[in-house]
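Asker: Provided herewith is a single structure, encoded as structure tokens, for subsequent inquiry.
The values are calculated or read from the model by the stated rules, or taken from the named source; none is laboratory data. From a predicted model like this one, the values you see are computed outputs, not experimental measurements. Glycine gets a Cβ as well: all are built from the backbone with ideal geometry, and neighbour counts include every protein chain shown.
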Amino acid sequence: MPHRPVWQRPKRSLLLVTLCLFCFTLLTPQQALAGAVSFHLDNQGLTLLSENQFKLGPLTLILSPWLYTEQQTTTFGLSEAALDLGIGRFRLTVGRQLTSFGPGRYNFLLLSPLGEGLTKEGLDQIGYSFATKRLRYQKFYAWVPANGFRLLLGQRATYDLGPFTFGFAETALAKEDIPDLYYLPLPLVPVGFYQHIADDYLDLPEARQSIKLLGELDLTLRLWSGAKIYASYLIDSRPFPSLQKGHSYYLHYPEDDEHPWKVGYQGGFEWDRPLGLPGIKLYTEYTRINQFTYTASEPFFNYTYKGQSLGGPLGPDADQLNLELMTTKENTWQFGLAYSRRRQGEGRIGDQWTYEPGQTEVFLTGVVETTNQISLTAVKNIGLLNSDQVALTISLARISNDDHQPGVVTLQPEVSVTGKVSW
């Protein structure tokens, strides 16, 4: 008999639970906590998102369907559909949930929802989270099949030390026949520790080449009230010292070109009232991801799901710079001015690394497509509590080497209207 994991058919079970709870809450509308409808209308089409929460004692049902229509084509999906149990500072969640790991505002290196905007979708998962005075922790097991059974194990912890906040996160793509100890819901235990136990002490054959690990470290420093900087480092693979056995054990230090540098970097800065200017907030962020990141030697472990990167839309062999100025007076009109520059090499997830002498960090390969975009946004808060809003955005993007064709320049103007009505 082949080894079977404890969680056999999570996708079907999660769907049944969500549908049953949704039908029940329809019978008790007085339990509705909150709801909102958001829309986005641009040159391509119209997007609608309905966000709903229903409460039944300590249980909360979250249901957020979306719909997108352009010309004669209409698509729809679920952004979130989950059942949440809250007991004090502990939460247990079953279903589809939007999850992101990292301190970023515009990009996340390790884990991001699938897609962008109002149509982004979460992962089907079961997980829990809790918080203390200084520690915040989240752990989940997500269903991400790829030509067969595949799980994504993930956890993130942040620890607050006054002006500093340290963060650690990891994810692991796992095959069907991993040892049961990988399913232990213990907090703060790295998956690599389970791998070490299974390989070196229990000598379990099913543990060999059964997972693919990625890790991320980040640090946030609050400089003064209203100002902070943050940095994040993603590790998929890179040269690391290793313990080797000869006549005796020794530490082997590999050359910089001996293994691929599948890493990512991120740094950002937020400043309220920059240079003493009242009612203004400044954001800036830079993200870089090397070529070959998110790609495994075995395609089954490529860091993708439904054709999209689990690490977000930026992808490998690319970087992005964001600058944004916003006004912060909520009782009047709010305005925002944003600039972004994105460079994309020809590298894609699935490209395999090959050894070349002297080759270390591979970045921006081939013909680089560069997109510079500037946008101006005006936001009007409406309603008795200013909880509803409507926004008009005018933007212009200039794409150099469009679609990686040398010398091709494309201009893309866009006018969009977004809004949100809550109750």
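Asker: Tally time: how many residues in region 53-67 are surrounded by 18 or more Cβ atoms within 10 Å (Cβ to Cβ) and under 22 Å from the mean Cα position of the chain (by Cα)?
Answerer: Adding up the residues that qualify gives 4.
Asker: Inspect all residues belonging to region 261-270 and state whether any of them is under 20 Å from the mean Cα position of the chain (by Cα), of a type in the set (D, E, K, R) and closer than 25 Å to GLN359 by Cβ.
Answerer: Yes, there is a match, as at least one residue in region 261-270 is under 20 Å from the mean Cα position of the chain (by Cα), of a type in the set (D, E, K, R) and closer than 25 Å to GLN359 by Cβ.
Asker: In this structure, does GLN291 turn out to be of a type outside the set (Phe, Trp, Tyr) and over 15 Å from the mean Cα position of the chain (by Cα)?
Answerer: Spelling it out, GLN291 is indeed of a type outside the set (Phe, Trp, Tyr) and over 15 Å from the mean Cα position of the chain (by Cα).
Asker: For region 296-311, does any single residue satisfy the condition of being part of a strand (DSSP E or B) and hydrophobic (A, V, I, L, M, F, W, C)?
Answerer: No; the residues of region 296-311 include none that is part of a strand (DSSP E or B) and hydrophobic (A, V, I, L, M, F, W, C).
Asker: Using beta carbons and a limit of 6 Å, which pairs, at least six apart or on different chains, have the first residue in region 350-374 and at positive phi and the second one buried (at least 16 other Cβ atoms within 10 Å of the Cβ) and in a loop (DSSP other than H, G, I, E, B)?
Answerer: Pairs found: GLY350/THR295; LEU364/GLY345; GLY366/GLY345.
Asker: Pick from LYS380, LYS329: which is of a type in the set (Lys, Arg), out of contact with any helix residue (DSSP H, G or I) (no Cβ under 9 Å at 6 or more places or on another chain), exposed (fewer than 14 other Cβ atoms within 10 Å of the Cβ) and at pLDDT below 95?
Answerer: LYS329
Asker: Right, something else. With respect to TYR194, is the statement that it is surrounded by fewer than 17 Cβ atoms within 10 Å (Cβ to Cβ), more than 30 Å from LEU323 (Cβ to Cβ) and hydroxyl-bearing (Ser, Thr, Tyr) true?
Answerer: no
Asker: Right, something else. Just one of the numbered conditions (1) closer than 25 Å to LEU337 by Cβ; (2) of a type in the set (A, V, I, L, M, F, W, C); (3) at pLDDT 95 or above is not true of PHE363; which one?
Answerer: Condition (1) is where PHE363 drops out.
Asker: Any idea how many residues of region 380-398 are in contact with a Leu (Cβ under 8 Å, 6 or more places away or on another chain) and either among the aromatic types (Phe, Trp, Tyr) or under 28 Å from SER38 (Cβ atoms) (or both)?
Answerer: Matching residues across region 380-398 total 5.
Asker: LEU223 passes all but one of (1) surrounded by fewer than 14 Cβ atoms within 10 Å (Cβ to Cβ); (2) part of a strand (DSSP E or B); (3) touching a Phe, Trp or Tyr at 6+ places or on another chain (Cβ under 8 Å); which number fails?
Answerer: Of (1) surrounded by fewer than 14 Cβ atoms within 10 Å (Cβ to Cβ); (2) part of a strand (DSSP E or B); (3) touching a Phe, Trp or Tyr at 6+ places or on another chain (Cβ under 8 Å), only one is false for LEU223: (3).
Asker: If you don't mind, there's one more thing I want to ask. Just to verify a result, which residue in region 205-220, among those that are in a loop (DSSP other than H, G, I, E, B) and surrounded by fewer than 18 Cβ atoms within 10 Å (Cβ to Cβ), is farthest from the chain's Cα centre (by Cα)? First the steps, then the outcome.
Answerer: At the first step, the residues of region 205-220 found to be in a loop (DSSP other than H, G, I, E, B) are 208-210.
From the residues that got through so far, the ones that are surrounded by fewer than 18 Cβ atoms within 10 Å (Cβ to Cβ) too are 208-209.
Numbers: ARG208: 28, GLN209: 25 Å.
Out of the qualifying residues, it is ARG208.
Asker: Please find, among LEU78, LEU114, the residue that is surrounded by 16 or more Cβ atoms within 10 Å (Cβ to Cβ), without any contact (Cβ under 8 Å) to a residue 60 or more places away in the chain and of a type in the set (A, V, I, L, M).
Answerer: Only one candidate qualifies: LEU78.
Asker: Turning to a different aspect of this structure: Which of the residues spanning region 234-290 are loosely packed, with under 15 Cβ neighbours inside 10 Å and either among the β-branched types (Val, Ile, Thr) or not in a loop (DSSP other than H, G, I, E, B) (or both)?
Answerer: Matches in region 234-290: SER242, LEU243, GLN244, LYS245, TYR249, TYR250, LEU251, HIS252, PRO274, LEU275, GLY276.
Asker: Which pairs turn up if I take residues in region 158-185 that are surrounded by 15 or more Cβ atoms within 10 Å (Cβ to Cβ) and look for partners that are assigned to a strand (DSSP E or B) and of a type in the set (D, E, K, R) with beta carbon separation below 6 Å, at least 6 apart in sequence or on another chain?
Answerer: Partner pairs satisfying both residue conditions: THR158/ARG136; GLY167/ASP218; ALA169/ARG156; ALA169/GLU216; LEU173/LYS212.
Asker: Mind counting the residues in region 82-107 that are touching a residue at least 24 places away in the same chain (Cβ under 8 Å) and over 21 Å from SER309 (Cα atoms)?
Answerer: 12
Asker: Picking from VAL362, VAL367, VAL421, VAL390, which residue would you name as being surrounded by 15 or more Cβ atoms within 10 Å (Cβ to Cβ), touching a His at 6+ places or on another chain (Cβ under 8 Å) and among the hydrophobic types (A, V, I, L, M, F, W, C)?
Answerer: Answer to the selection: VAL367.
Asker: May I pose another question? Does TYR230 count as under 29 Å from PRO357 (Cα atoms) and modelled with pLDDT of 95 or more?
Answerer: No; evaluated as a whole, the condition is false for this residue.
Asker: Another one. Just one of GLY122, GLY115 is within 14 Å of the chain's Cα centre (by Cα), under 26 Å from PHE300 (Cβ atoms) and at pLDDT below 95; which is it?
Answerer: GLY115
Asker: Still on this structure, please answer the following. Residues that are touching a Leu at 6+ places or on another chain (Cβ under 7 Å) and of a type in the set (Lys, Arg): which strands (runs of 3 or more DSSP E) entirely in region 90-148 hold 1 or more of them? First the steps, then the outcome.
Answerer: Details: elements: 90-97, 123-131, 135-143.
The qualifying strands (runs of 3 or more DSSP E) are 90-97.
Asker: Taking region 149-162, which residues are modelled with pLDDT of 95 or more and either small (Gly, Ala, Ser) or not in a strand (DSSP E or B) (or both)?
Answerer: ARG150, GLY154, ALA157
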